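Trainee: This is the structure I want to talk about, given as structure tokens.
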Amino acid sequence: MKIAELFYSLQGEGSLIGVPSVFIRTSGCNLRCSWCDTPYTSWQPEGEEQTVERILDAAKTYPARHAVVTGGEPMIAPEIVGLTEALRAAGLHITIETAGTVFQPVACDLMSISPKLANSTPEGQWTAQHDRLRLNPAVLAQLMERYDYQLKFVIAQPADLVEVGALTEQLRVDARHVILMPEGTDPAVLRERGLWLAEICKQEGYRFSPRLHVDLYGNKRGV
Ligand code: SF4
């Protein structure tokens, strides 16, 4: 499978924020978010073909008890099931970060699902494909039924909450599973959006997530 990067850092988003984790980032995605913060796994996928054994050996060089399999879209990576089973056999807690458009029977302790809202749709040749694929309620329901999960939405403007409300109602999601995170890779933008988003979270009972890795290290790779 094609791996863009493998590194040791703190989980920067969601319910396990701050937990030291080894990150395994697959390359390749079926979507093309306009604001994608890892374009080297989607718009111009980069990386090196690696075997599950090699990935596992690299992961084991770090003192992590948690592994985060992310992307790109890890659920479209060949051997994703074998990789997650190998991580489980190694005793690691596994988070999978996915847009929730594809199901695979992976080994996973926390399915971190980030359904893509209309604010992600790019202009140009990818518009139609992205909009056709970005939400798959049947797959979302399957993932939510099978795994412990969080639904992590990337919010760019208050109007995005209309879409969040419609989707969570359709899927009958309890608010305690919903996490809202401001869109952005610039600390000043994240702070500005975070202030109004925090108020929305207080009103609706959703959890707020900062982007810890951006706050600590800035918008760069391998952190
Ligand atoms: S789903 Fe994730 S990796 Fe794929 S284009 Fe969107 S933000 Fe980028």
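The values are calculated or read from the model by the stated rules, or taken from the named source; none is laboratory data. In this text, all values refer to a predicted model and were calculated from it rather than measured experimentally. Glycine gets a Cβ as well: all are built from the backbone with ideal geometry, and neighbour counts include every protein chain shown. For accessibility, only protein heavy atoms count, side chains too; no ligands or nucleic acids. Shrake-Rupley method; radii C 1.70, N 1.55, O 1.52, S 1.80 Å.
Trainee: Considering every residue within the range 189-197, establish whether at least one is of a type in the set (Phe, Trp, Tyr) and in a helix (DSSP H, G or I). Talk me through it step by step, then tell me what you get.
Mentor: From the range 189-197, those of a type in the set (Phe, Trp, Tyr) are 196; that's our starting set.
Narrowing further to those that are in a helix (DSSP H, G or I): 196.
There is at least one residue in the range 189-197 that is of a type in the set (Phe, Trp, Tyr) and in a helix (DSSP H, G or I).
Trainee: So, one more: Looking only at the range 14-28, which residues are assigned to a loop (DSSP other than H, G, I, E, B) and either without any contact (Cβ under 8 Å) to a residue 12 or more places away in the chain or more than 12 Å from the ligand (Cβ to nearest atom) (or both)?
Mentor: Within the range 14-28, GLY14, SER15, LEU16, ILE17, GLY18, VAL19 meet the criteria.
Trainee: Now, a different point. Got a number for residues in the range 164-183 being open to solvent by less than 50 Å² (accessible area, probe 1.4 Å) and either of a type in the set (Asp, Glu) or touching a residue at least 60 places away in the same chain (Cβ under 8 Å) (or both)?
Mentor: Of the residues in that region, 3 qualify.
Trainee: Give the range 1-50 a look and list any residue that's under 19 Å from ALA90 (Cβ atoms) and within 13 Å of the chain's Cα centre (by Cα), or say none.
Mentor: GLN11, LEU16, PHE23, ILE24, ARG25, THR26
Trainee: For the range 1-36, give me each residue that is within 25 Å of GLU79 (Cβ to Cβ) and of a type in the set (D, E, K, R).
Mentor: Within the range 1-36, LYS2, GLU5, ARG25, ARG32 qualify.
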